[in-house]
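Colleague: First the structure, which I've put down as structure tokens, then a few questions once you've had a look.
The values are calculated or read from the model by the stated rules, or taken from the named source; none is laboratory data. As the structure is a computational prediction, the values presented were derived from the model and not from experiment. As a convention, Cβ positions derive from the backbone with ideal geometry for all residues, glycine included, and neighbour counts pool all protein chains shown. Please note that ligands, DNA and RNA were not included when accessible areas were found on the heavy atoms of the full protein model with its side chains. Shrake-Rupley method; radii C 1.70, N 1.55, O 1.52, S 1.80 Å.
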Number of protein chains: 2
Amino acid sequence: MAQQIKVGIVGYGNLGRGVEAAIRQNPDMSLEAIFTRRSPESAGKGLVSISEIESYKGKIDVLILCGGSATDLPDQGPALSKLFHTVDSFDTHARIPEYFNKVDESARSGGNVSVISTGWDPGLFSLNRLLAEAVLPEGNEYTFWGKGVSQGHSDAIRRVNGVKNGIQYTIPREEAVARVRSGENPELTTREKHLRECYIVLEEGANAEAIAEEIRNMPNYFSDYDTVVNFISEETLRAEHGTMPHGGNVIRSGRTGQGSKQIVEFSLTLDSNPEFTASVLVAYARAVYRMAQDGQKGAKTVFDVPFGLLSPKSAAELRKELL
Amino acid sequence: MAQQIKVGIVGYGNLGRGVEAAIRQNPDMSLEAIFTRRSPESAGKGLVSISEIESYKGKIDVLILCGGSATDLPDQGPALSKLFHTVDSFDTHARIPEYFNKVDESARSGGNVSVISTGWDPGLFSLNRLLAEAVLPEGNEYTFWGKGVSQGHSDAIRRVNGVKNGIQYTIPREEAVARVRSGENPELTTREKHLRECYIVLEEGANAEAIAEEIRNMPNYFSDYDTVVNFISEETLRAEHGTMPHGGNVIRSGRTGQGSKQIVEFSLTLDSNPEFTASVLVAYARAVYRMAQDGQKGAKTVFDVPFGLLSPKSAAELRKELL
């Protein structure tokens with residue numbers, strides 16, 4: 001085997017742990033260090049304080065940034081792409097152009113390559129949106145998410161007075177998905193596309209009906225949807241709602257020639273959202289390494305990366321085995 | 001609008017007509033000429049004899065080769081990639097490495113770029129096999145084809161004595177698809193994955209039962225499958241079996257972490273197989289044009305082409321709108 005790609009992980013939450021596990025599935029990679037902002041004492045065995053990261057320059061080929069998009073990545077992306085080749089899953093859609101420009105500038109100044117905003121959405125879903133639109137310019141695109149936990153909506157219900165704990169699932173409506181798959185090209189409202197389902201643990205003495213009403217009418221989060229509110233015990237929440245499934249479908253329904261219906265669909269059914277995102281990050285870390293070897297510099301997105309760079313196989317092997 | 005990409009079509013069968021229609025859906029492209037091997041007299045208005053193609057050098061940016069993989073492309077691909085940037089849908093899987101090498105040599109000698117073997121399989125299905133394998137290295141891949149017409153199997157039944165005309169559909173078995181989607185990772189035999197359905201018009205006086213038996217036992221084509229043979233009239237064949245639907249699914253069922261099931265699926269439901277393949281060829285013609293502008297040379301496959309090059313939108317627009 002050729003020399004392994006030396007990987008570093010920044011951030012050791014669910015995503016960082018997922019990357020650690022994914023690297024074990026890829027024999028062409030080795031994990032060199034996991035960096036954390038926690039103090040060295042509390043950090044745990046084998047973790048390295050992020051304050052020491054500069055001393056790892058030259059020892060790490062690609063750094064995988066596993067922090068959050070709200071507060072970690074806006075600083076870490078630009079700062080660390082000056083020092084290392086990086087890959088991240090920055091997912092605040094509206095701020096991607098601004099983030100791209102910052103990382104591009106810092107990566108170029110450091111002579112590095114950085115793939116930003118990979119994962120599954122943004123990431124694999126984005127790739128399929130682009131591909132299907134390029135192939136079927138006359139048509140409509142539909143993205144459905146779920147069944148899966150929405151962190152933002154779960155946070156919103158936990159802020160309601162009288163709610164002790166809770167979780168929210170986004171669920172695509174089967175009828176809407178079926179209409180899109182039929183090639184009907186429907187106009188769908190927000191309410192017609194997704195359902196929201198909440199599982200709530202109440203504080204003692206809280207008024208269940210008032211809380212359900214408050215959630216169902218919450219603007220931005222729930223008022224545009226049909227929302228089902230279920231009340232459960234803390235034990236049930238722990239026992240039945242501890243995993244992080246997710247997924248969804250990107251469907252393009254187009255027309256060619258004299259009106260032939262053409263449907264392209266990409267779908268994911270994931271037991272673990274963070275582990276899958278981590279697996280995508282690791283495949284793109286391989287591409288970053290190869291682009292760096294090739295002398296490329298600056299920020300890139302999934303749209304700039306040929307799929308051949310994601311696989312450990314050579315171009316000739318890929319043509320023979322997978323084309 | 002920037003200057004249009006000037007496209008030529010070689011071959012005017014179903015695929016060539018599909019490309020002609022697809023170019024009309026892409027305002028950044030113009031159709032310059034359609035070349036045919038037929039004599040100029042019989043060729044029809046607006047068609048150009050292929051013997052004149054050299055005089056179009058400099059007038060055409062990309063040539064889209066729409067001939068068949070059995071007899072046309074093995075000669076036309078190497079010959080024409082010496083003169084023009086080309087894209088084709090060469091689909092004899094086993095001969096792709098050999099074809100790639102020949103086209104690579106001739107394209108380089110002419111200073112051209114040629115994307116070979118695009119379409120949907122090989123093509124979009126290949127891309128999804130690669131992507132899902134790179135992201136989920138521990139797992140199994142399943143490809144299902146259909147419901148759709150298999151040209152090779154239709155030809156085989158039409159060669160049977162007593163068969164006047166006929167068509168064969170490959171149909172994926174719903175039970176098998178459902179087992180794969182569930183993450184069960186089944187071992188599936190050929191017979192368990194697909195069903196074959198034939199619609200036959202008999203010659204007068206032919207023995208239907210003997211013919212059905214001969215078809216069901218035909219080695220390589222039918223003997224490994226459950227095959228349903230239906231007898232219909234010539235009128236019904238024309239009325240109900242004149243279109244060319246196709247499609248299929250590429251599913252990867254993988255595991256991450258401590259055994260989380262992760263399912264990635266790409267699927268196509270196509271009213272017109274040739275029109276969809278044509279639409280893919282046209283999107284890749286745009287990529288060929290851009291790679292040529294960038295000074296690239298030689299043969300490429302879908303694995304070498306970043307998706308960003310397929311879209312008429314700029315990289316900044318794609319990041320803003322589709323990521």
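Colleague: Where a ≥ b ≥ c are the square roots of the eigenvalues of the C-alpha gyration tensor, would you call the range A:237-290 rounded, which needs a/c under 1.5, or, failing that, prolate if a/b is larger than b/c, or oblate?
Modeller: Verdict is oblate for the range A:237-290.
Colleague: Per-residue accessible area for A:Trp145 at 1.4 Å probe radius, Å² rounded to 10?
Modeller: 100
Colleague: In addition: Take the alpha-carbon positions of the range B:1-142, form their convex hull, and give its projected area averaged over all directions (one quarter of the hull surface) in nm².
Modeller: 10.6
Colleague: While we're here: Arranged from highest to lowest average of other beta-carbon atoms within 10 Å per residue, in what order do the peptides A:189-196, B:166-173 appear?
Modeller: Going by the mean number of other Cβ atoms within 10 Å, highest first, we get B:166-173, A:189-196.
Colleague: Placing unit charges on C-beta atoms (Lys and Arg positive, Asp and Glu negative, everything else neutral), compute the dipole magnitude of the protein assembly as shown about its Cα centre in debye, rounded to 20.
Modeller: 1600
Colleague: Further, regarding this structure: At R0 = 51 Å, how high is the FRET efficiency between A:Gln151 and B:Asn14 if r is their beta carbon distance? Nearest 0.05 is fine.
Modeller: Given R0 = 51 Å and the Cβ-Cβ separation, E is 0.55.
Colleague: Nearest 500 deg cm²/dmol is fine: what mean residue ellipticity at 222 nm does the protein assembly as shown get from its DSSP H runs of n ≥ 4 alone, each adding -39,500 (n - 2.57), divided by its residue count?
Modeller: The helix-only estimate for the protein assembly as shown comes to -10500 deg cm²/dmol at 222 nm.
Colleague: A:Val228's amide H: which non-local residues (gap 5+, or another chain) put their own amide H closer than 5 Å, with H modeled 1.01 Å from N in plane and none for Pro or chain starts?
Modeller: Correct list: A:Arg196, A:Glu197, A:Cys198.
Colleague: Moving to a separate point now. Need one number: buried accessible surface between chains A and B, 1.4 Å probe, both sides summed, DNA, RNA and ligands left out, in Å² to 100.
Modeller: So the buried area, both faces added, is about 5500 Å².
Colleague: Turning to a different aspect of this structure: Going 7 Å from Cα along the Cα-Cβ axis for the label, what nanometre distances separate A:Ser55 from the same residue across the other copies?
Modeller: 7.6
Colleague: Separate question: If a/c stays under 1.5 just call it rounded; otherwise compare a/b with b/c (prolate if a/b is bigger, oblate if not). Do that for chain B, with a ≥ b ≥ c from the square roots of the Cα gyration tensor eigenvalues.
Modeller: Oblate.
Colleague: Rank-order B:53-65, A:147-159 by packing density, defined as the average count of other C-beta atoms within 10 Å over each peptide's residues, highest first.
Modeller: In descending order of packing, they fall as B:53-65, A:147-159.
Colleague: With 10 Å bins from zero, work out the P(r) of the range B:62-194 over every alpha carbon pair and list the percent per bin.
Modeller: 11, 29, 29, 23, 8, 0
Colleague: While we're looking at this one, here's another question. How much length is gained if the chain between B:Ala316 and B:Ala210 is pulled fully straight, taking 0.36 nm per residue apart and subtracting their Cα-Cα distance, in nm to one decimal?
Modeller: Gain on extension, B:Ala316 to B:Ala210, equals 31.8 nm.
Colleague: Could I ask something else about it? For the range A:5-25 and the range A:228-259, what is the separation of their C-alpha centers, rounded to whole Å?
Modeller: 26
Colleague: Over the protein assembly as shown, what per residue volume does the convex hull of the Cα atoms give, in whole Å³?
Modeller: Cα convex hull per residue, to the nearest whole number: 183 Å³.
Colleague: Evaluate peptide A:245-258: per residue, the Cβ atoms of other protein chains within 10 Å of its Cβ; return the mean as an integer.
Modeller: That works out to 3 on average.
Colleague: Around B:Leu318, what is the net charge, scoring Lys/Arg as +1 and Asp/Glu as -1 over all other residues with Cβ under 14 Å from its Cβ?
Modeller: +2
Colleague: Amide H neighbours of B:Gly148 under 5 Å, counting only residues 5+ apart in sequence or on other chains, H built in-plane at 1.01 Å?
Modeller: For B:Gly148, whose amide H was placed from the backbone, the distant partners under 5 Å are B:Thr170.
Colleague: Also, I was wondering about something else. Within 15 Å, Cβ to Cβ, of A:Lys57, how many net charges do the neighbouring residues add up to if Lys/Arg are +1 and Asp/Glu are -1?
Modeller: Counting the neighbours of A:Lys57, the net charge comes to -1.
Colleague: May I ask for the net charge around B:Tyr12, where only other residues with Cβ less than 13 Å from the Cβ of B:Tyr12 are counted and Lys, Arg are +1 while Asp, Glu are -1?
Modeller: Local net charge: +2.
Colleague: Hey, another quick one. Where in chain B are the DSSP H helices whose alpha-carbon span along the long axis reaches 15 Å or more and whose Kyte-Doolittle mean is at least 1.0?
Modeller: Qualifying helices, which must be both long enough and hydrophobic enough, are B:124-135.
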